[in-house]
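Written below as structure tokens is the structure these notes are about.
The values are calculated or read from the model by the stated rules, or taken from the named source; none is laboratory data. These numbers were taken from a predicted model, which means no experiment stands behind them. Don't worry about glycine lacking a Cβ; one is built from the backbone with ideal geometry, like all the others, and counts go over all protein chains shown. Heads up: the accessible areas ignore ligands, DNA and RNA and are worked out on the full protein's heavy atoms, side chains in. Shrake-Rupley method; radii C 1.70, N 1.55, O 1.52, S 1.80 Å.
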Amino acid sequence: MALFVRLLALALALALDPAATLAGPAKSPYQLVLQHSRLRGRQHGPNVCAVQKVIGTNKKYFTNCKQWYQRKICGKSTVISYECCPGYEKVPGEKGCPAALPLSNLYETLGVVGSTTTQLYTDRTEKLRPEMEGPGSFTIFAPSNEAWASLPAEVLDSLVSNVNIELLNALRYHMVGRRVLTDELKHGMTLTSMYQNSDIQIHHYPNGIVTVNCARLLKADHHATNGVVHLIDKVISTVTNNIQQIIEIEDTFETLRAAVAASGLNTMLEGNGQYTLLAPTNEAFEKIPSETLNRILGDPEALRDLLNNHILKSAMCAEAIVAGLSLETLEGTTLEVGCSGDMLTINGKAIISNKDILATNGVIHYIDELLIPDSAKTLFELAAESDVSTAIDLFRQAGLGTHLSGSERLTLLAPLNSVFKDGTPPIDAHTRNLLRNHIIKDQLASKYLYHGQTLETLGGKKLRVFVYRNSLCIENSCIAAHDKRGRYGTLFTMDRVLTPPMGTVMDVLKGDNRFSMLVAAIQSAGLTETLNREGVYTVFAPTNEAFRALPPRERSRLLGDAKELANILKYHVGDEILVSGGIGALVRLKSLQGDKLEVSLKNNVVSVNKEPVAEPDIMATNGVVHVITNVLQPPANRPQERGDELADSALEIFKQASAFSRASQRSVRLAPVYQRLLERMKH
């Protein structure tokens, strides 16, 4: 029975796709899309394919899974129609498309596939129709009737006015002297045409679209007795110039031409390969501030990065783009290439003014806006595209602009605009010094930072790096976005204003009147040296009010017992540096006393043992201080927990007494005594 089920499933699969074999080669992207279209159309009968038609146009596409559910092509809505799959036809009175098309010669097949205009022009030549009807093996990429109709009138006139030379040559260029099916059409390959052995460029994209000299293949693999016909959506023409030659002859590329020559990229653009050049026009260069443009044109490395950011690693024809794609440039950046109706977009902008200019080594699309990569920008230019404009204004007002636009190797720690929602500080000596400590004297990358690393600032401070599970922080400020690496400087977007350390933990506490009682307690407990020496401490510092809130008797007892006082104070000191940005949901921080502190962050409020922190992140050279308004009690000192421990001890005594009483009748009178002891200690 199981074998019968497997055989039945195999038979159904073969019925749905007669081209399938038991162990055939892997299907091409085009064949996979066709198979999906056949699958979606099977409820309408055999050999029916689901086709998506863009509303308001004649554009049709075999559907892949993603497009089927989105029902959009280039952002435009589509409707689903059901047609006979290539190679099949309807039979009156029968469901679906059960009959294979009868085989005829190439000329007759042109009419069957919807290329009657190609048939008509073939008739006008003296030599081509006999060749198409005669013996041999050929492939013709036949333009649809709409493709011929869309040709400019002057082009069409030049063809039909000289049918035995111009028209014949044009038609022969669409032909190959052998049978070529879609499974042989590989991405980046060339076929030799029947016109002067000129190359035809083939691109077979992962989304199943196949282009021939950037003309989209509409219906493929229509077999004929003497070859095969593929229907395409454009009339194609010979390609003779490489990318560099096109740049040299087009007036609109005057600035680009000079830039390519200065960068030395002309050798690559005239060599072998398959590239996409997003070619900026003169107008695109004119939109850039002259100061920026002159700086880049005068800097060979920045210029090369700029141009490489306009070159994709493979040829990408416009017809292949039916949704958004992430494509890598030679510079290493990623561009979001998409479409909106008939317009191509780059990073969401419709800046392509002319598309699919084919070259022997790729394709050119004209763009009217320059794509400047981060690697060619100054720190000022990087910041202009980030959410740190308020901080940048402060740097400029503080007279630090030359550092952000020059050639120093620097890293800028720029707080987010939201940090300044309550206003900006006045520009005085303190603020200038603070801002200088937001500039690191090296060009860094966050991925190379490590825990405990120290960074030197323009202000002369040493800043520490803290690496936590879900955050990367420099002192109290954590990186809030991916860093942007420019020509000389790197931009780190930070989640708060950075405060450099100002002395040891003891220096911090002594310098703040809120902690006078804590300082006295630390001195009494003999912990001054500990908090003055090098180390990594997190101190939860109770204010004077926290000590005054203790019951007088307990406060007197605590301050009068140096050993217990030291134990309590050590419980307030963690054995590592934990800033608020590194907390996450919950961190259990081991204290110097031995027990763990539960530190959490919720709604931007730090809590320790579920008590809110009044002020976090006062940085010291050997740690960080968090201000709290209560004195923390170690678990063994908490009343409830102490009572539980006593009750547990009494219970254990009672159990032992019970065992003892069972062993000795003379001791049974002791059991009530232990019972009363248990009750007393539980209460």
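Observations
- Local electrostatic count, residue 522, Cβ distance below 12 Å [Lys/Arg +1, Asp/Glu -1]: +1
- Here the sum of -39500 (n - 2.57) over DSSP H runs of 4 or more residues, divided by the residues of the chain, equals -9000 deg cm²/dmol at 222 nm, to the nearest 500.
- Looking at the chain, the DSSP beta bridges with both ends there are about 75 percent antiparallel.
- What you get for the chain, charging only the Cβ of Lys and Arg (+1) and of Asp and Glu (-1), is a dipole of about 3460 debye around the Cα centre.
- Global geometry of the chain, whether rounded, prolate or oblate, following the gyration tensor of its Cα atoms and the 1.5 cut on a/c: oblate
- Distance in nm between pseudo-label sites at residue 441 and residue 407 (7 Å out along the Cβ direction from Cα): 2.0 nm
- Entries in 377/441; 461/610; 27/76; 563/610 that, when Cα-Cα distance is taken, lie over 24 Å: 461/610; 27/76; 563/610
- Compared with the dominant Cα axis of the chain, that is its longest principal axis, helix 2-16 is turned about 60°.
- In terms of its C-alpha gyration tensor, segment 377-494 comes out rounded, because the ratio a/c of the largest to the smallest axis stays below 1.5.
- Applying a 4.7 Å Cβ-Cβ cutoff to the chain, the cysteines left without a disulfide-compatible partner are 65.
- Helix 671-682 axis, angle to the chain major axis (alpha carbon atoms, nearest 10°): 60 degrees
- Within the same chain, aspartates and glutamates fewer than 8 places from residue 95 are excluded, and of the rest, those with a Cα less than 14 Å from its Cα are 83.
- Length-normalised contact order of segment 263-377 in % [C-alpha pairs under 8 Å, at least 6 apart]: 34 percent
- Relative contact order of the chain, defined on C-alpha pairs under 8 angstrom at six or more residues apart (%): 7 percent
- Pairwise label distance in nanometres, residue 524 with residue 347, each label 7 Å out on the Cα-Cβ vector: 6.3 nm
- Per residue, the average separation of C-alpha pairs within less than 8 Å and at least 6 apart gives segment 377-494 a relative contact order of 31 percent.
- Just the protein heavy atoms count here, and of the accessible area of the chain at 1.4 Å, carbon and sulfur take up 52 percent.
- Subtracting the Cα-Cα distance of residue 576 and residue 393 from their residue separation scaled by 0.36 nm leaves 62.3 nm.
- Accessible surface calculations at 1.4 Å, restricted to protein heavy atoms, place the chain at 49 Å² per residue.
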